[in-house]
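What follows is a single structure, written as structure tokens, with notes after it.
The values are calculated or read from the model by the stated rules, or taken from the named source; none is laboratory data. This is a predicted model, so every value here is computed, not measured. So basically every Cβ, Gly included, is an ideal-geometry build from the backbone, and we count neighbours across all protein chains shown. Surface areas here come from the heavy atoms of the whole protein model, side chains and all, with no ligands, DNA or RNA. Shrake-Rupley method; radii C 1.70, N 1.55, O 1.52, S 1.80 Å.
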Amino acid sequence: MPRAGLSRQTLTETALAIIDDGGPRAFDNLTLAAVAARHGVSTPSLYKHVGSLADLRRDVAVASVRDFTHALSEASVGRAGADAVVALAGGLRAYAEASPARYLAAQHAADPDDPADAALGEASGQALAVTMNALRGYDFPPDRAIDAVRAFRSAIHGFVLLELEGGFGLSRDLDTSFDALVTMLVRGLAELASQPD
């Protein structure tokens, strides 16, 4: 009989709390044993609520993507063009600084051929839509819009990941360098929009 108070949702919330407390790479290190210990139960008792660690990690990733999407939407809603790019970039970085493990969990792509990843795919699609909406002011044709989204994500994610992992050792202020990166992106996106497809 399932232990009172435990459910798949409760276990997901506990796993989220664990990764929130564990630093940037906590999602990669999440274990069922850690979740069980938080509830004072044995690890096998969790299988009444969640099929495997992979299932729990998938639930955590879905919750993280939804949380991340909300943050990006809040940052960029009602903005267009360069203003939207600046706001979206700042919102992404702020979310990663506040919730580094959730940010990294949100980067896991869904397998389109795996039915178990359907919820993750749907949540990731909503995150992509927020980014596409922020770039809509550039009026990219469909294929070029994909290029623009990939360039934006790659550049900002690269900076954020290096920052989270202490990869910047020079004395220059990181905010100043981030602003320079965003300025380059704004100019690059405008140039990309002006080129024939």
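Only residues that are assigned to a helix (DSSP H, G or I) and either closer than 16 Å to Ala17 by Cα or in contact with a helix residue (DSSP H, G or I) (Cβ under 9 Å, 6 or more places away or on another chain) (or both) were counted across region 28-58, and they come to 19.
The residue that is farthest from the chain's Cα centre (by Cα), among those in region 132-154 that are open to solvent by 30 Å² or more (accessible area, probe 1.4 Å) and aliphatic (A, V, I, L, M), is Ile146.
Yes or no, residue by residue, for (1) closer than 30 Å to Asp179 by Cβ; (2) under 14 Å from the mean Cα position of the chain (by Cα):
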| residue | (1), (2) |
| --- | --- |
| Glu13 | no, no |
| Ala17 | no, no |
| Phe27 | yes, yes |
| Ala33 | no, no |
| Val65 | yes, yes |
| Glu74 | yes, no |
| Val77 | yes, no |
| Val85 | yes, no |
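Per this entry, Ala61 is not counted among residues that are in a helix (DSSP H, G or I), over 17 Å from the mean Cα position of the chain (by Cα), touching a residue at least 40 places away in the same chain (Cβ under 8 Å) and buried (at least 17 other Cβ atoms within 10 Å of the Cβ).
When region 155-179 is filtered for residues that are open to solvent by 50 Å² or more (accessible area, probe 1.4 Å), closer than 24 Å to Gly22 by Cβ and in contact with a helix residue (DSSP H, G or I) (Cβ under 9 Å, 6 or more places away or on another chain), the ones remaining, listed by number, are His157, Phe168, Leu174. Within region 70-86, the set of residues being in a helix (DSSP H, G or I) and open to solvent by 20 Å² or more (accessible area, probe 1.4 Å) comprises His70, Ala71, Ser73, Glu74, Ala75, Ala82, Asp83, Val86.
Inside region 154-175, can you point out the residues that are of a type in the set (Ser, Thr, Tyr) and under 14 Å from Glu97 (Cβ atoms)? None - no residue of region 154-175 is of a type in the set (Ser, Thr, Tyr) and under 14 Å from Glu97 (Cβ atoms), so the list stays empty.
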